[in-house]
Structures are given as structure tokens and as C-alpha cells.
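Take a look at the structure below.
No lab work stands behind these numbers, since they all come straight from the coordinates. All figures in this text were calculated on a predicted structure; none of them were measured in a lab. Positions of Cβ are generated from backbone atoms using ideal geometry, with glycine treated the same way; all protein chains shown enter the neighbour counts.
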Amino acid sequence: MALSSAAIAIAALGFLARPIANHDRTRVVAVRAGGGDVPSNLLRVYVELSTAMEPGSAYEHIHLLGDDGRELKDAFLELREELWSPDHRRLTVLFDPGRVKRGIRANVEMGAPLVEGRRYRLVIDSAWRDARNVPLAAPFLQELRVAGFDSVSPDPSRWTISSPRSGSLDALRVAFGEPLDHALALDKITIVDASGLPMTGLVTLSRDDRVWTFVPAKGWSSGARLRVEPALEDLAGNNLVRPFDSARLGGAERAIADTAPRFINLVVLPPLSS
């Protein structure tokens with residue numbers, strides 16, 4: 001017997017209403033914030049999720065708690081258009097720059113969101129819904145242990161860089177000596193060959209954002225160099241050109257645009273004798 005259009009609609013609703021198994025629900029994969037050890041002028045953190053999210057309600061579900069367990073209000077810059085990666089799986093959360101940057105009115109009147117020597121908890125509640133309108137599988141907590149104010153720009157000349165062997169697929173490890181901005185470290189550091197062309201390979205960052213690793217798709221050869229863009233930043237927004245506190249609107253962006261990338265020659269060892 002043929003089903004009526006109403007019966008078909010009810011059956012469809014019943015199908016859509018079936019609960020999604022907990023193991024299939026979206027989870028917070030990580031909060032990228034230097035492994036939790038952060039400067040008091042931390043500028044941004046990244047929230048990574050297992051599947052795509054629905055933009056528009058992120059700030060309702062992200063909470064900053066002090067060491068007394070109370071939620072701190074107005075710590076984040078709540079933008080009308082949230083800062084999502086193209087696949088909607090990584091959200092950039094900015095601490096209010098007006099409170100972070102010294103001398104700005106909001107900083108003077110309200111103080112910085114984070115205070116040196118204290119511990120905070122960044123909590124993401126499970127009521128946050130993904131692109132399927134399904135709540136997260138579980139809440140997520142990231143502890144932030146606050147150190148001093150960071151006003152020093154990253155210095156590539158102080159990095160520790162490993163030496164791969166010619167012809168091998170050795171992993172190249174670059175230890176920064178401090179955590180750098182997660183997204184920018186993945187985007188602003190590359191390897192070029194002797195001709196200046198980008199080398200293809202797999203780039204990863206350690207969980208605390210202190211070590212950058214590159215595994216080439218083809219064997220190493222002499223003349224390879226590490227290319228570092230001047231827009232690379234640390235956790236406090238200090239780039240290779242100037243500290244965040246000294247930046248001025250417009251002028252700082254022009255200064256970065258007019259600055260050439262830094263190149264570091266890699267030491268490629270001879271192959272092992274057979």
C-alpha cells in the first residue's frame with residue numbers, strides 16, 4: 001500500500017531524529033596555546049575540532065575561568081564574523097588586543113585578561129553544536145599557566161636546527177626555544193632547494209608548538225635553506241620585525257610587507273658510506 005505524503009514526512013523526521021552515536025560526535029581535538037605555558041600578553045589561541053562546526057555561536061560556549069573558578073568576562077574579542085579555517089574545523093580565538101596591549105585605554109582601565117603567576121582554565125562546553133546541529137561529545141578543558149610579559153621578537157638565528165643526510169628522507173627538526181603561534185608556524189616557515197623553489201613534504205608541530213618538523217617527499221640535497229617569513233609571530237603577537245606592543249596601525253603592516261624573508265642555510269651531511 002502506498003504511503004501518503006504525510007506518512008513519508010513523518011518517517012523522514014523519525015529517521016533524522018535518530019541520535020548520533022557518541023563516538024561519531026564532534027570532539028575538541030586540541031586547544032593550541034603553547035602547551036598551556038603562556039605569556040601574560042597571550043594574543044590568541046586556536047580551537048581544533050574533529051569535524052566541521054556551524055559558525056555563529058562559538059563565544060557562547062568558550063569560557064575563561066580564573067583560579068577561583070569564576071568566569072572572567074570580556075577577555076575575548078567577540079567578532080561578528082568568527083575566525084574559522086575554510087573547513088570550519090579550526091577557530092581562532094583572540095584575547096581582546098585593547099586589554100593585552102599596554103597603554104591602551106582598555107588595558108589601563110580593565111587590566112590584561114591574564115595575570116602573571118596565575119593559572120586559568122579555558123573551558124569549552126559540550127552544548128556547542130556542530131554543522132549537523134549535534135552537541136559536542138564532551139566538554140574540553142585547557143589549563144593556562146601564565147608566565148611573564150613577552151616583548152621580545154622571535155630570533156631565527158637562535159633556533160636549533162638538525163642536519164639531515166644527503167639523499168635521505170631524514171626529518172629536519174627546528175627547535176624554537178619557545179612556543180610560536182601555531183597557525184603561523186605552519187604557514188610562514190618553508191624549505192626551499194638550491195634553486196629557491198619550495199620543497200614538498202610533511203610539516204608538523206610539536207604539541208607545545210616549540211618544535212617544527214619537516215619530512216621531505218624526496219631526498220635532501222645540498223643548497224637547501226629554511227625560509228622564514230617576517231610575519232611569523234610568537235604567542236604574544238611579536239613578529240620578526242617588531243614586538244606587538246610597538247606596532248601601530250598601518251605602519252606595522254607596511255613594515256612587515258617591506259621586509260624580506262629570512263633564509264637560513266641548512267647543513268646537509270654527506271650520505272653514510274655503504
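Structure values in brief
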{"quantity": "Sequence-distant residues sharing a close amide H with residue 201 (under 5 Å, placed H)", "calculated": "217"}
{"quantity": "Convex hull projection area averaged over all views, segment 153-197, Cα basis, nm²", "calculated": "4.1"}
{"quantity": "Ranked by how many other beta carbons lie within 10 Å on average, peptides 38-51, 61-74, 120-133 from highest", "calculated": "38-51, 120-133, 61-74"}
{"quantity": "Long-range amide H partners of residue 132 with built H, under 5 Å", "calculated": "none"}
{"quantity": "24 Å Cα-Cα reach of residue 218 towards lysines, excluding residues that sit fewer than 8 places from it in its own chain", "calculated": "188"}
{"quantity": "Compactness index (Cα Rg / 2.2 N^0.38 Å), segment 93-162", "calculated": "1.59"}
{"quantity": "Segment 22-146 - charge dipole about Cα centre, Lys and Arg +1 at Cβ, Asp and Glu -1, debye rounded to 20", "calculated": "240"}
{"quantity": "Lys/Arg +1, Asp/Glu -1 at C-beta; segment 22-146 dipole; positive extreme among 39, 142, 98", "calculated": "39"}
{"quantity": "Residues of type lysines that residue 73 reaches as a straight line, Cα spacing below 29 Å, ignoring anything fewer than 8 places off in the same chain", "calculated": "101"}
{"quantity": "Column: log10 I(q)/I(0), Debye, Cα scatterers of segment 33-114, q = 0.11, 0.16, 0.24, 0.25 Å⁻¹", "calculated": "-0.32, -0.67, -1.26, -1.31"}
